Every structure is written in C-alpha cells, then in structure tokens.
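These notes concern the structure reproduced below.
Nothing in this text is a laboratory measurement; each read-out follows from the coordinates by a stated rule. Computed from a predicted structure; not experimentally measured. With ideal geometry, Cβ positions are generated from the backbone for all residues, glycine too; neighbour counts draw on all protein chains shown.
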Amino acid sequence: MSMSPGVRTPVSRRPLLWIAAACFAIGIVVSGIFMMPMLGMIPHEPVPLGDGVVQLEYEGLTISTTARGQTPTCQAKDATGADIPLKGPLKRENYSVSGPSYYVIAHSRSPIPPQTVTVTCTNADNTIRYYVGDRASVDTMLPALVKALGSFGLAMLISIALVVIDVVRRRRAR
C-alpha cells in the first residue's frame, strides 16, 4: 500500500474511554475502602447474660432478648465500676445473626471501648434470657454506606459522561 506524503494513518486511540475505565475502577476501590469499616459493624452473635460479666470485642454495647416487647430495667458498669449510660432504641430494632431473632432493648449512649462490662437486668418475669453484644445499628452503619454509595455514584457519573463525550466526538468526526 502506498500512501500519499503527508497523510498519516489514523491511530485508534480513545483516551476518554481509558479515563472513563480508570474512573470506574477508582470508584470501585474508593467505595470498597469506605465499606471496610462496615465489616466491623456487622452484628455479631450476642452472648447470654448469665452472671452479668461480658467481654466486649468491639465498641459499644447492645442489650437484647429473644422475647418481643420486653421493657426491663438494665444497668451497665464498665471495667472500672463506672456507670455506662444506656438508652432504649428509638424504633423497634431486631436482628438475626445465625439463628433466633434478637430484639434490642438498650444501647450504650456513646461508644465505649472494648472491655469487660457488668450488666444487670430486672424484669417481673425472670424466665426471660438477656443477651449482651457489641453495638450494631443502622445509625452507625449509615455514614459508611452513604460514603461508599456516593463515591461509587460519582465515579459512575464521571465515567458515563466521558463515554458520552467520546461517542459524540466520534460521530461529529465522521
């Protein structure tokens, strides 16, 4: 094939598509980074209250029961003997880890570090079993979820915009 002098063969480079693919990949990585803290917030199997002493592995405290609609009086003390302020859930909260459903009756008001805590609950019906575990609620997971979805959505919008710009430029060039 002979070509006329000064005529160059078109190089099939599409930098906008490569940038769009890179933005999409970066969006996946960044949203994955924001999702990592959520792995520690996933509810774990609570332990039966038993003698009242429980070792927390993560921040916060949740007291729950398997009986629905209970309103016991509970108190919690940290490893030094100081009271841990508790509050009831604002709305009905329940979760299931690997078996029964647990109905939340109280949370610690503020995050407390992992430590040994003493919990006592009193109720008119002493046959109800109480469980204590790490705090896990939608309120603690929501910020991480919003950041993850927001970063992925932003990367998607940028990627789609770059692909559309590339397609429009190619059509105009024809």
Report task. Compute the distance in nm between two label points, each set 7 Å from the Cα along the Cα-to-Cβ direction, one at ARG129 and one at VAL146. Result -> 3.8 nm
Query raised in the report: Relative to the present Cα-Cα distance, how much length would full extension add between THR71 and ILE33 at 0.36 nm per residue of separation?
Result: 9.8 nm
Report task. Taking amide H positions as placed in the peptide plane 1.01 Å from N, state which residues far from ALA106 in sequence (5 or more) or on other chains have amide H under 5 Å from it. Result -> ILE63
Query raised in the report: Once both labels are modelled 7 Å past Cα along the beta-carbon direction, what's the ALA21-THR122 spacing in nm?
Result: 6.9 nm
